[in-house]
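Report on the structure given below.
Derivation of every value follows stated rules applied to the coordinates shown; laboratory data play no part. This one's a predicted model, so the numbers in the text were calculated from it and none came from an experiment. Virtual Cβ from ideal backbone geometry, glycine too; neighbours counted across all protein chains shown.
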């Protein structure tokens, strides 16, 4: 727009009041697609300008012959589509002024509105002339320029009464006027609307298509209509089709976002789509949806449009598809139409998911939702991130810690599986008219199940770790039995090597538990438990290492027998620890009393093993001091005994950690 005096006067050098989306379509060279929309906009402008004419005329009358209760034209304003309720007081506030002038509040702005409506009516007529469909555009522009020149006489709220009469006159014998221009443009618009086909093909507005073109439009609309319900009540997905030379041109408005435009050119067996978007990530997502078709994408380009948000930058890509036959072309167009619904509010859904998992994984969930024809609009409708936060608070019985996401709590695979469940449950629930409250309860229950499942997995890891302790203890006992045998060096080496492998595997399990910690009390417990139990593994592996230092048959026989007893105690203790763990998962308030009894007895025997191991180590020390043996043998027997006693201590500590956790959980349930 250009500023002339106090009146906003649109000129030919200014934009033709098209929306940003229309401007971008025009920049793609598809002006014929703009014409139907511009005609409708022009007809709407005709309604508005007639309201402004009436408003100015009654305001002038109020200035010349004041009435105590003048009309406010509220109903007329609302019917014409003018939203400014402040205009309802203009007539009553108007007053006469010296020199045959009227003081009308906002007079300059009102004249600007009139000229804006004229310009909007003129735009489709000029475009029709450019496309060779109709003439007269140049003459209308000259008449508009003359009307705009007259409007320069307006000074803020002051307007000559004669100017209002001249602009609103409908008598041709008195000369041309803005009112007459409106009347003539209205006729031109009606004529254009009649020339443009109003035919609809499965919901698409089509203009001048041949029979073979309509079949391709039907294919596109078949795909679009197959997923359109997923947008719920969101506006968008309006489709227009026309001919450009020999090409069929399809345009879809997708949603209400500026610069979100899709135009498809179809000629013979080739389809070329041009897609623009202010969000580069959504553009890349859109391209990823076509894996089943060999679409050739040109390098994405960025353009600037001053009317847009985000610095006026939008991104544009072109994808070409060459079909082998017409049926494959129809299949491609149907698939293309079916994908558009997944672009609506995509960026909002991505941001909602980003709060719970990594950015890349959130996009992967949206890709999965599109590939499975579920979409994300129902997820947003039911609550989006609020829905998931509610489920998290329910599952962990409190608010998550700042910065925590589902990936930290459940692990990546479980987090993705849960988010997919949420999207599917929302989509299926909303489409089947389930109450939102029922959908929320289903999401809560599922996440609680995931947390319980994660705890069961941690129990499995703890049991696997305990099984390795049994293997280690049994290996050490076998090594002790080999000590007095001739030629046992090789066997002892193998036992030590196996023990090293078992201890390494136990460390791996501990690290898995550490990485799976979700900072809830339950997960922290498993970390504490396995760290305590890993001390058992370290001590047993150290005992096995000492076997490699023995000279065969060099240990005192009495000490050897006592060492075998101590090693057997550790096997028994490890087995009881495994039994306690296995039983613990079934212990709960109101559960089977036998489970609780078996659990407590296993913990008691672990404690007894620790006490007996203390006595066994002392008796071994006594036997070693009384023996007259090789110093190496004495040293190694003493070290193995010490390792076994340390393992028994760590085993008792692990058992007590397990007991306190189980008893606390029972008391709290």
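What to note about this one:
- Legend: calculated FRET efficiency, residue 280 to residue 355, from the Cβ-Cβ distance at R0 = 22 Å, rounded to 0.05, equals 0.55.
- Distance from the Cα centroid of region 267-303 to that of region 72-87 is 44 Å (rounded to whole angstrom).
- Each Cα pair under 8 Å and six or more residues apart adds its sequence gap; the mean of these over the residue count of the chain is a relative contact order of 8 percent.
- Here the residues 317, 463, ranked from fewest to most Cβ neighbours within 10 Å of their Cβ, fall in the order 463, 317.
- Rounded, prolate or oblate (a/c below 1.5 giving rounded, otherwise prolate when a/b exceeds b/c) for region 348-434 by Cα gyration tensor: oblate
- Acute angle (nearest 10 degrees) that the helix 489-516 long axis makes with the longest principal axis of the chain, alpha-carbon atoms: 30
- Neighbour counting of Cβ atoms within 10 Å sorts the residues 269, 316, 644, fewest neighbours leading, into 269, 316, 644.
- Separation of the residue 293 and residue 608 label points, Cα + 7 Å toward Cβ, nm: 7.5
- Gyration tensor verdict on the chain (Cα atoms; rounded if a/c is under 1.5, prolate if a/b is larger than b/c, oblate otherwise): prolate
- For the pair region 110-156 / region 221-238, the C-alpha centres are spaced 37 Å from each other.
- Shown is the FRET efficiency for residue 211 and residue 421, computed with R0 = 56 Å from the Cβ-Cβ distance and rounded to the nearest 0.05: 0.75.
- Ordered by the count of other Cβ atoms within 10 Å of each Cβ, fewest first, 413, 460 give 413, 460.
- Protection proxy ranking for 283-296, 574-587, using the average of other Cβ atoms within 10 Å per residue and placing the highest first: 574-587, 283-296.
- Sites residue 385 and residue 432, calculated FRET efficiency, Cβ-Cβ separation with R0 25 Å, nearest 0.05: 0.60
- Rounded tilt (10° steps) of 593-626 against the dominant C-alpha axis of the chain: 50
- Peptide packing: for 80-90, 323-333, the average count of neighbouring Cβ atoms within 10 Å per residue gives the ranking 323-333, 80-90, highest mean first.
- Placing pseudo-labels 7 Å out from each Cα toward the beta carbon at residue 268 and residue 615 gives an inter-label distance of 9.8 nm.
- Relative to the longest principal axis of the Cα atoms of the chain, helix 631-668 runs at roughly 50 degrees.
- The chain - mean residue ellipticity at 222 nm from DSSP helices (-39,500 (n - 2.57) per run, n ≥ 4, rounded to 500): -21500 deg cm²/dmol
- Region 200-341: C-alpha gyration tensor shape, a/c 1.5 cut-off, then a/b vs b/c: prolate
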